[in-house]
Amino acid sequence: MRKEWKYYLILGSALLLLILLELLAPTPADWTFSLHHKHKSPYGTYILFENLSYLFPEQAVSTVYRSLYELQDQAYEQENILIFAADFSPDAQDAKVLWNIVDKGGSVFAAARTFGGKLADTLKLETDTRLQEGIVQEEDTLEIRESLYYFSAYDSLRMEVLAQNESGDPVLLRFNKGEGALLLSSVPQAYTNYFMLEGELYQEAVRSLSFLPLRDVLWNEYYHLGRMEPATPLRFLLSVPALRWAVYLSLAGLLLFMIFESKRRQRAVPVLLPPSNTTLDFVQTVSNLFMQGSNHQEMARKKIIYLREYLLSRFRLEGEWQDQNFRERVAHKTAKDKGEVDKTFDFILTLQNKQQISSKELLVLNQNIDSFYSQEAII
């Protein structure tokens, strides 16, 4: 009997070691082009989704996994509909509903690498690609070649070019119809986590969304992810990492139970809960990530850039920080005291001339800038 226990102990220890190695092994970066608003992987859209409240302050944000045709009985004329997909090819019924929404005053923003179906036929849309090099995954020094698409053909008589790439090719188009507008982007990568954190493409992403009016936002992921309804309960359990491991551990526990119970009744094995994950999330927001890296200079620069974009998109105010006329217009539009505006803008000018910024200075800058977003404004 003692020899049998020795074998059981070896088997259990080996199984436990395999489980611990799997749980403790570093999770490799997932480079799948997911565009999911909850994914924190490089090509997820978690950062953009979490910051929509800053781009559209005091507006409701909701998600949906249904086609435009299925939503036709609901009124979306006073909402901004955001669609991100690898390919956006609505059929004739979806396209009809889309035109109806835009014609009644709704705004639809669709970002995709390619466009097809009735929409592409109506607007004569075609896309092509250029290879963008230089994106490096530092963990294993793997160089990634990124294909950036642009509009090689479109109805130039009815569509307006809002943005171009470095080669002068259009990447953002607008089609005005009735009281609404349809905006089309050929670079959905620009709105993903990787590009929101690396390079300067995030500025173009924020700028492109600033063309939308200040309205509630409906984030539609149907055209890239489908309805997100698992066909079977088992498929759902295996699609979520935590639940998948729960199934594997349950099967392993059942196997051990059968082995031990085949000899004699054993004392109940206590349930061991997996250790809670106390590490920080991949990213909460762009601000939190730079704060963790103590990159105060870069953090301050991005906050100043966003303040400028906010004043432009929210109040149509543009000017230099030292311009007194610009300061007076900012004070009037944002309902802030002129002295507070002068103090904030002078502080910004001071920080822009410094090579290093302390955490205390960054905190003061953050408090001053946040007051612009909370202050009652005069529109």
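The values are calculated or read from the model by the stated rules, or taken from the named source; none is laboratory data. As the structure is a computational prediction, the values presented were derived from the model and not from experiment. Reconstructed Cβ throughout: ideal geometry from the backbone, glycine too, with neighbour counts over all protein chains shown. Surface accessibility is based on the protein's heavy atoms, side chains included, excluding ligands, DNA and RNA. Shrake-Rupley method; radii C 1.70, N 1.55, O 1.52, S 1.80 Å.
Name the single residue that is surrounded by the fewest Cβ atoms within 10 Å (Cβ to Cβ) among those in the stretch 99-147 being within 20 Å of the chain's Cα centre (by Cα) and either assigned to a loop (DSSP other than H, G, I, E, B) or at pLDDT 90 or above (or both). This residue is Thr114.
Would you pick out the residues in the stretch 39-59 that are closer than 20 Å to Ala112 by Cα, assigned to a loop (DSSP other than H, G, I, E, B) and open to solvent by less than 50 Å² (accessible area, probe 1.4 Å)?
The initial filter retains those residues of the stretch 39-59 that are closer than 20 Å to Ala112 by Cα, namely 39-49, 52.
Those still in the list that are assigned to a loop (DSSP other than H, G, I, E, B) too: 39-45.
Scanning the stretch 39-59 gives Ser41, Pro42, Tyr43, Gly44, Thr45.
The residue of the stretch 249-277 that is nearest to the chain's Cα centre (by Cα), among those that are at pLDDT 80 or above and surrounded by 13 or more Cβ atoms within 10 Å (Cβ to Cβ), is Leu249. Note on the stretch 60-74: among residues that are within 17 Å of the chain's Cα centre (by Cα) and part of a loop (DSSP other than H, G, I, E, B), the one that is nearest to His37 (Cα to Cα) is Tyr65.
For the stretch 156-167, a residue qualifies if it is more than 21 Å from Ser210 (Cβ to Cβ) and surrounded by 13 or more Cβ atoms within 10 Å (Cβ to Cβ), and exactly one does: Arg158.
Does the stretch 168-185 include one or more residues that are surrounded by 15 or more Cβ atoms within 10 Å (Cβ to Cβ), without any contact (Cβ under 8 Å) to a residue 12 or more places away in the chain and over 22 Å from Ser89 (Cα atoms)?
Residues of the stretch 168-185 surrounded by 15 or more Cβ atoms within 10 Å (Cβ to Cβ): 169-175, 177, 180-185.
Subset that is without any contact (Cβ under 8 Å) to a residue 12 or more places away in the chain: none.
No, the conditions are met nowhere in the stretch 168-185.
Just one of (1) over 23 Å from Tyr223 (Cα atoms); (2) free of Cβ contacts under 8 Å to residues at least 40 places away in the same chain; (3) open to solvent by less than 50 Å² (accessible area, probe 1.4 Å) fails for Phe151. It is (1).
One residue is enough: does the stretch 220-227 have a residue meeting the conditions aromatic (Phe, Trp, Tyr), surrounded by 11 or more Cβ atoms within 10 Å (Cβ to Cβ), modelled with pLDDT under 80 and in a helix (DSSP H, G or I)? Spell out how you get there, then give the answer.
To start, the set of residues in the stretch 220-227 that are aromatic (Phe, Trp, Tyr) comprises 222-223.
Still in the list and also surrounded by 11 or more Cβ atoms within 10 Å (Cβ to Cβ): 222-223.
From what's left, modelled with pLDDT under 80: none.
No, the stretch 220-227 has no match at all.
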